[in-house]
Structure formats: C-alpha cells, structure tokens
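This report concerns only the one structure given below.
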Amino acid sequence: MKYRLLGRTGVWVSEISLGAMTFGGKEHPVYRTHGALGQEEVDRIVGTALDAGINFIDTADVYADGESEELLGRAIAQHRRDVVLATKLMAPVGPGPNDQGLSRLHVMRALEDSLRRLKTDYVDLYQIHNYDHMTPIEETLSALNDAVKQGKVRYIGCSNLAAWQISKALGISALHNQAKFVANQTHYSLLSRDAERDLVPMAEDAGLSLTVWQPLVGGFLTGKFDRDGVSTEQDSRRARNGFDFIPFDEEKGFTVLAALRTVAARHEVSPARVAIAWLLAQRAVTSVIVGARKLEQLTDNVAASDLILTEQDLTELDEVSRPTIAYPNWIQEQFAPTRIPAGNLA
C-alpha cells in the first residue's frame with residue numbers, strides 16, 4: 001500500500017480507502033441494496049483492509065440510519081489508533097426539522113451522536129456531506145471550529161460542494177483564523193470527469209486533499225453489465241436497485257468500457273482494477289474510496305495500488321473518456337501567455 005498526504009496536514013493516508021456504505025441496513029428500504037453487511041462480515045472486511053495497509057476509513061451518519069457507524073465502531077475498537085477515521089453529516093437522520101442541515105444546533109448534536117455510535121472520543125476527519133443553502137456557511141464553520149478546539153475533531157472537510165463554495169469557505173476560515181477544510185470528497189471516474197473543470201485546479205491551488213467516491217460508478221466499470229443493465233452476478237447492486245444513482249451517458253459508457261477491457265487484458269487484471277489505477281494516476285487525487293460486499297472485491301480493488309499504467313494505457317483511456325472543455329477553461333487555455341525566461345531576454 002502507498003500513502004499520500006491529507007492536504008497540507010502532514011497526515012499520511014492510504015491511497016486506497018475503505019468506504020462503509022455497505023455496512024448495515026438489512027431492513028432499510030435503500031441501504032439493503034448496497035450490501036447490508038452484518039457485524040461478522042464487517043469485521044472480516046475491515047480486518048482484511050487493515051491487513052492490506054489501508055488506514056483511512058470513511059462513513060457517514062446517514063448510512064443505514066447510523067448502523068454503519070455502529071458496526072464500524074465495533075470493528076475498529078481494537079485498532080482505533082491505527083485508523084484515520086472519517087465520517088460525514090448533513091442529511092436527515094430523524095423526523096424532526098432540525099435533524100438535518102448544517103446549523104450549529106445540528107452540527108453539535110450530530111457529532112455527539114456519531115461519537116457515541118463509533119465508540120470513540122474523536123473523529124479524525126469530519127466532513128459536511130453537502131451544501132446547506134438554508135444555513136450561513138459562517139455558522140457551520142464556526143461550529144466545526146469549536147469541535148476542533150474541543151478535541152472532538154482533528155480536521156474538517158467537505159463533500160459534494162462546488163469549487164466556489166469551497167473557496168468561499170476557505171476564505172471565511174482564513175479571515176477568522178479558524179480551522180479550514182483540508183479535504184474534499186467528490187465523485188470522479190472515467191465516466192464522470194466533471195471534477196477536472198474546477199475542483200481539481202482549486203484543490204491544487206488551495207492544497208486541498210481530494211478523495212474519490214464511487215470510482216466504479218455503481219459497479220458499471222467492473223464490466224459485469226450488459227446494455228440492458230443485467231449483471232452476470234445476480235446479486236449485484238445495479239441489478240437489484242433497478243435504477244442508476246449516478247447519471248452518465250450509457251452509450252459512451254460502453255465505449256469507455258471497451259477501452260478499459262483492452263487495457264485490463266494487456267495487464268491481465270480486472271477492468272475495475274484499471275479504473276481505480278487510472279484515478280490514482282490523476283492530478284490532485286489523494287485516495288480512492290472503495291466499498292465492498294465481498295472480500296474478493298476488496299482484494300481486487302486494493303491491488304490497484306500496485307498497478308502502474310503505461311503512457312499508452314493512460315492515453316487510450318483519456319481519449320475515450322475526455323470531456324468537452326467548459327467555458328471559460330477553453331478560452332483561458334487558448335490565450336494562455338507564453339512566458340520567456342528572464343535569462344533569455346535580450
């Protein structure tokens with residue numbers, strides 16, 4: 001396993017991280033289709049991940065109505081110091097009007113609930129799960145800063161925010177000398193390269209860590225689905241859901257998948273492993289979050305850390321997946337000035 005710095009914190013995290021969305025939810029109307037793993041299965045998955053060198057594990061209070069945190073807390077109880085533990089808040093976790101969002105009231109309540117479920121005194125990375133248009137970002141950042149001062153949170157981060165929203169938050173934190181976001185969790189894959197337009201340049205400029213969720217696009221990039229969405233594995237998430245959570249151009253998806261299979265055959269590995277290795281080769285990516293229902297899935301995904309793609313591999317995958325350059329990016333690239341080194345001036 002290789003390790004990369006979490007933003008500018010000096011904290012090293014594994015470039016493959018474990019996602020806990022498959023933990024729990026056997027009776028849940030949504031999460032029962034994502035894995036619904038019980039404690040014994042969770043213990044095996046977490047143990048295998050730790051043995052493979054993974055030290056970065058991500059969950060959220062909304063996963064399986066908190067059961068994911070409970071199962072994960074028990075699984076890492078004897079290994080807490082070895083884990084960089086991340087969780088998230090924002091989504092509804094109860095029927096009340098204040099059981100969601102990013103108000104000071106909910107931030108403090110949600111954190112205490114997560115700590116109780118995770119059976120720990122602190123969270124290493126506490127992330128807002130989305131943008132709350134109802135709450136001033138100043139209120140949210142102040143509450144998160146207090147949590148850091150109290151020692152209940154080591155670092156703060158965000159997920160699913162636009163680049164301008166993150167930049168605004170960083171500016172406010174700097175203005176008030178508060179703890180600032182050190183990491184951004186975003187969707188990024190061969191079928192969804194939107195992050196390259198603004199989020200990747202912003203992360204590089206701000207020194208923000210970038211972690212990736214759903215690198216295999218709900219399992220599509222494993223190559224196990226035909227054009228009717230039928231899987232060769234009848235218990236697969238995509239087959240059982242009956243819907244696609246992540247929108248993408250399916251026709252282009254199969255074109256990308258064909259190139260993915262070609263590269264995979266060249267290395268004698270799975271398409272999934274290549275898809276993750278491609279992400280690890282991209283600018284600004286710190287860690288790719290993988291979720292697993294079966295040990296063999298986890299083992300295969302972890303092996304992506306050892307797969308080095310050639311220039312030919314990267315070029316072929318880039319050509320079939322490259323998105324249209326958005327404005328103003330294309331005009332800035334077109335008119336970017338060419339600097340003449342001072343030593344060459346007459």
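The values are calculated or read from the model by the stated rules, or taken from the named source; none is laboratory data. Every value quoted in this text rests on a predicted model; they were computed, and no experiment measured them. Neighbour counts are summed over all protein chains in view; Cβ atoms, including those assigned to glycine, are modelled from backbone coordinates with ideal geometry. The area values use the complete protein model at the heavy-atom level, side chains included, leaving out ligands, DNA and RNA. Shrake-Rupley method; radii C 1.70, N 1.55, O 1.52, S 1.80 Å.
Some values worked out for this structure:
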read-out: Cross-chain or 6+ apart pairs with Cβ under 8 Å, the stretch 317-346 first and farther than 24 Å from LEU280 by Cβ, then of a type in the set (Lys, Arg) and modelled with pLDDT of 85 or more; value: ALA326/ARG197
read-out: Those residues of the stretch 241-282 which are part of a helix (DSSP H, G or I), β-branched (Val, Ile, Thr) and closer than 21 Å to VAL200 by Cβ, in sequence order; value: VAL256, VAL274, ILE276
read-out: Residue in the stretch 120-149 that is farthest from ALA179 (Cα to Cα), counting only those that are in a loop (DSSP other than H, G, I, E, B) and in contact with a helix residue (DSSP H, G or I) (Cβ under 9 Å, 6 or more places away or on another chain); value: THR120
read-out: Filter pass, LEU102 being at pLDDT 95 or above, part of a helix (DSSP H, G or I), crowded, with 23+ Cβ neighbours inside 10 Å and touching a strand residue (DSSP E or B) at 6+ places or on another chain (Cβ under 9 Å); value: no
read-out: Complete set of residues in the stretch 1-18 that are open to solvent by 10 Å² or more (accessible area, probe 1.4 Å) and either touching a helix residue (DSSP H, G or I) at 6+ places or on another chain (Cβ under 7 Å) or not hydroxyl-bearing (Ser, Thr, Tyr) (or both); value: MET1, LYS2, ARG4, LEU5, GLY7, ARG8, GLY10, VAL11, TRP12
read-out: Exclusive hit being open to solvent by 20 Å² or more (accessible area, probe 1.4 Å), polar (S, T, N, Q), over 17 Å from the mean Cα position of the chain (by Cα) and modelled with pLDDT under 95, set THR48, THR33; value: THR33
read-out: Selection count, the stretch 150-173, where residues are in a helix (DSSP H, G or I), open to solvent by 20 Å² or more (accessible area, probe 1.4 Å) and over 19 Å from ARG8 (Cα atoms); value: 1
read-out: Residues (in contact with a strand residue (DSSP E or B) (Cβ under 9 Å, 6 or more places away or on another chain), open to solvent by less than 20 Å² (accessible area, probe 1.4 Å) and within 19 Å of GLY253 (Cβ to Cβ)) located in the stretch 187-202; value: TYR188, SER189, ALA195
read-out: Checking ALA292 against (1) open to solvent by less than 10 Å² (accessible area, probe 1.4 Å); (2) aliphatic (A, V, I, L, M); (3) at pLDDT below 95; (4) closer than 21 Å to ALA195 by Cα, the condition it does not meet; value: (4)
